[in-house]
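Following: one structure in structure tokens, then a few remarks.
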Amino acid sequence: GAGTDNDLYINQAIVFIEDAIQYRSINHRVDSKSLWLYRWYYSRTCQWILSLTITVILALAFIEEPSSLTITSDVRYRLPAWNPPCGLTESVELLCFLVFVADVSVKSYLMGWKEFWKNKWLMAYILTLVVSLADWIVSLSFFCKESVRIRRILRPFFLLQNSSMMKKTLKSINSTLPEMASVLLLLAVHLSLFTMFAMLLFARTKDNQQDKEWVVYFRNLPDSLTSLLVLLTTANNPDVMIPAYSKNRAYSIFFILFTVLGNLFLMNLLTAIIYNQFRGYLLKSVQSSLFRRRLGIRAAFEVLSSLKETPASAQHVGAIVQVLQKAEMDSRCKQAIMRSLKMCSCDQLSAAQFQKLFEELDKDAIKQHPPSPEYQSHFMQKVQFAFGHPYFGYLGNVVALANIISICVVLVMDADKQPSERDDFFLGAINCFFILYYLLEMLLKILAMGLKRYLSYPSNRFDGLLTVILLILEIATFAVYGFPHPGWRPELMGLLSLWDMVRLVNMLIVFRFLRIIPNMKFMALVVTTLLDLVKNLRAFAGILVVVFYAFAITGIMLFKGAVVPLGNTSAANTTHDNGTLQCGTYEQLEYWPNNFDDFAAAVVTLWDVMVVNNWQVFLDAFSRYSSPWAKIYFVAWWLISSVIWVNLFVALLLENFIHKWDRRCQRESLSDIEYQRTVELMFRDVLEEPTEEELMEKLHQHPHLHLCR
């Protein structure tokens with residue numbers, strides 16, 4: 001009947017609005033049962049279960065063999081790790097696979113058979129599950145003793161396919177690769193030419209004393225390539241130059257020329273190309289997100305236009321209100337749209353008016369702070385004015401600076417003293433004074449601003465939380481050790497010694513000094529840019545996690561157990577051996593904790609290589625301990641992490657900062673308003689609105705929605 005149809009249209013409109021809010025595709029089944037399943041699937045509970053499952057299956061790498069459950073990863077001192085019995089982690093893995101099977105089944109059903117064959121991500125999802133389950137069965141067949149587990153490398157795919165923004169970022173990176181490849185090819189030519197020049201320039205001679213450059217760095221082609229590749233990252237500069245430079249100062253020209261062309265020009269050119277190209281592709285990706293939002297809103301309008309009401313115009317606004325009340329959206333947006341509807345005098349909205357109504361979704365999120373309390377007493381009004389004034393905050397910053405300076409003075413004076421010689425009276429006394437001031441400042445601010453307004457500012461929450469923690473620590477110190485007095489050096493009592501308690505308090509005081517950031521406009525701009533990156537560019541972090549995970553698992557497969565400690569493991573012998581080891585080697589530098597014997601150690605080792613400081617040590621060590629071909633693994637990791645990912649991050653950091661810098665003059669500096677931006681809003685000013693024809697053409701291509709007009 002008409003009532004059933006109307007309910008269906010209302011539910012369709014609700015789902016389409018929710019799709020628009022989340023930038024989801026509307027190409028899914030739209031019958032009553034499918035809509036219920038669709039909303040259930042995208043509910044917070046289901047998505048939380050799916051996210052938890054992905055987290056659990058990724059975290060298994062820390063527990064399963066080789067386990068990371070040891071205090072140290074140093075091969076000299078590491079005790080045998082606890083490894084779970086066969087079947088324990090496999091059971092958890094099976095539960096995760098069952099959740100993924102349910103996930104892919106629901107997605108496939110909701111999408112429909114025709115759309116399923118077009119979706120490469122979904123087909124790859126099924127293939128990954130099939131391979132993982134087959135590998136899981138093989139593991140149990142071998143009683144978990146098999147050396148290679150293919151499914152562990154495939155696990156990051158579950159994280160990748162669950163994030164639409166991560167998929168878009170990956171697609172953008174893929175589109176940028178041709179431009180990056182041209183510069184990388186130029187880098188390869190640059191490296192090859194200079195390698196040949198180096199092998200000719202530093203060829204072996206009859207005088208062994210003059211051949212140090214050849215012996216250490218340019219003995220053969222692989223060593224020459226490696227030496228110059230590391231020099232490209234400046235990790236072995238000036239070490240690589242010194243033997244030749246000490247022989248003849250003219251040799252420095254070769255190394256300076258190589259570094260200037262490679263590091264200063266080509267590497268920075270790569271950053272510029274990545275910034276230019278990636279911004280363009282990310283812009284296209286965000287443009288498609290905007291199209292999805294407009295399409296979802298237009299689809300909601302079209303299905304609401306199909307409502308069988310008499311008269312239609314009298315109920316149209318009522319239907320919109322009904323949709324808004326049931327749709328899952330931010331309360332701020334919902335209230336703003338409701339206010340716009342009430343202000344609208346007409347009973348029926350056109351497509352343009354309906355679209356305009358939902359433009360609230362595209363605006364910056366604005367956080368209004370609650371009002372301050374209104375005191376009747378004249379004295380209280382003066383108190384409120386005095387302690388609510390910005391100058392009172394500035395006074396607090398000066399006091400915090402004085403606290404930091406006093407701590408620095410004490411630390412400098414006590415730097416060379418033994419713990420038994422230290423007198424903690426002065427430091428304890430000044431900490432007590434400053435913490436009492438911080439408590440008084442917090443209480444006076446709450447009195448002036450009111451608790452709700454005080455807590456609405458992140459800086460106040462940060463300030464207040466640290467003040468409360470400092471107060472609790474100070475009370476605990478007094479309860480255990482008594483009040484400060486000359487010669488205040490009691491023995492260890494409880495969990496922490498007095499010095500540990502004082503150090504902890506001082507670390508928190510130093511951390512609390514960050515409260516000055518909001519008062520310094522330029523610094524605040526930089527910090528808000530960084531916070532926006534943390535909040536909005538999770539896709540980049542996700543892709544880095546995927547790459548880290550895959551390389552760490554691969555590293556374990558290739559190099560597990562490769563690094564073996566030299567001789568006796570005692571500390572005395574190790575120290576003695578250092579004198580006979582070649583300077584700058586893995587063994588002499590005691591890099592033993594950096595290995596691939598478990599997942600946690602592998603991640604830290606990859607991080608150290610990504611930073612590129614002394615990464616030639618890893619190239620040399622793992623070439624010796626495993627195979628010369630190990631260099632390919634580390635160079636591949638350097639290319640993906642340091643060259644590509646770090647440059648992408650720099651590109652987005654620049655984009656975000658420039659955007660904020662350009663907009664800083666366009667807004668009034670109002671203390672009661674905080675703006676929060678998303679990656680879509682970052683490009684909002686340059687996005688193009690889709691036309692009416694484009695939207696209607698796309699709607700008529702919908703595989704499950706049949707419009708009346």
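The values are calculated or read from the model by the stated rules, or taken from the named source; none is laboratory data. These numbers come from a predicted model, not from an experiment. Here Cβ is always computed from backbone atoms with ideal geometry, including for glycine, and neighbour counts include all displayed protein chains. Ligands, DNA and RNA are excluded from the accessible area calculation, which covers all protein heavy atoms including side chains. Shrake-Rupley method; radii C 1.70, N 1.55, O 1.52, S 1.80 Å.
Here are some notes:
- In the assembled protein chains, Asp416 presents an accessible area of approximately 150 Å² (probe radius 1.4 Å).
- Applying a threshold of 23 Å to the alpha-carbon distances of Lys114/Lys698; Lys171/Lys560; Lys107/Lys168; Lys114/Lys284; Lys382/Lys445; Lys334/Lys698 flags Lys171/Lys560; Lys114/Lys284; Lys334/Lys698 as lying beyond it.
- Taking the stretch 149-193 and a reference point 7 angstrom along Cα→Cβ of Leu269, the backbone N atoms nearer than 13 Å belong to 180-191.
- The distance between label points at Ala386 and Ala102 comes to 6.2 nm (points 7 Å beyond Cα on the Cα→Cβ vector).
- Of the solvent-accessible surface of the stretch 173-299, computed with a 1.4 Å probe over protein heavy atoms with every protein chain present, carbon and sulfur atoms account for 64 percent.
- Shape box of the stretch 1-90 [Cα atoms, principal axes, largest first, Å]: 77, 27, 18
- Other residues whose C-beta falls under 14 angstrom from the C-beta of Gln384 contribute a net charge of +2, scoring Lys and Arg +1 and Asp and Glu -1.
- Each eigenvalue of the Cα gyration tensor of the stretch 43-162, multiplied by 5 and square-rooted, gives one semi-axis; in descending order these are 32, 16, 12 Å.
- Charge dipole magnitude, Cβ of K and R +1, D and E -1 - the stretch 43-162, Cα centre, debye nearest 20: 340
- Rounded to the nearest 10 Å², the accessible area of Arg76 at probe 1.4 Å: 30
- In nm, spacing of pseudo-spin labels at Tyr109 and Ile472 (7 Å Cα→C-beta vector): 4.7
- Under 12 Å, Cβ to Cβ, from Val617 - net charge with Lys/Arg +1 and Asp/Glu -1: -4
- Accessible surface, 1.4 Å probe, highest first, among residues Ser32, Ser108: Ser32, Ser108
- Shape class for the stretch 382-483: prolate, because the ratio a/c of the largest to smallest gyration tensor axis (alpha-carbon atoms, square roots of eigenvalues) is 1.5 or more and a/b beats b/c.
- Taken as Cα centroids, the stretch 240-274 and the stretch 155-186 sit 30 Å apart, rounded to the nearest whole angstrom.
- Solvent-accessible area per residue, Å², over the stretch 43-162 with all protein chains present [probe radius 1.4 Å]: 54
- For Ile57, Ile256, Ile446, Ile658, the ranking by accessible surface with the largest value first comes to Ile256, Ile658, Ile446, Ile57, using a 1.4 Å probe.
- Part-to-part distance (alpha-carbon centres) for the stretch 12-73 and the stretch 88-127, which is given in Å: 11
- Most to least accessible of Ser73, Ser626 (protein chains only, probe 1.4 Å): Ser626, Ser73
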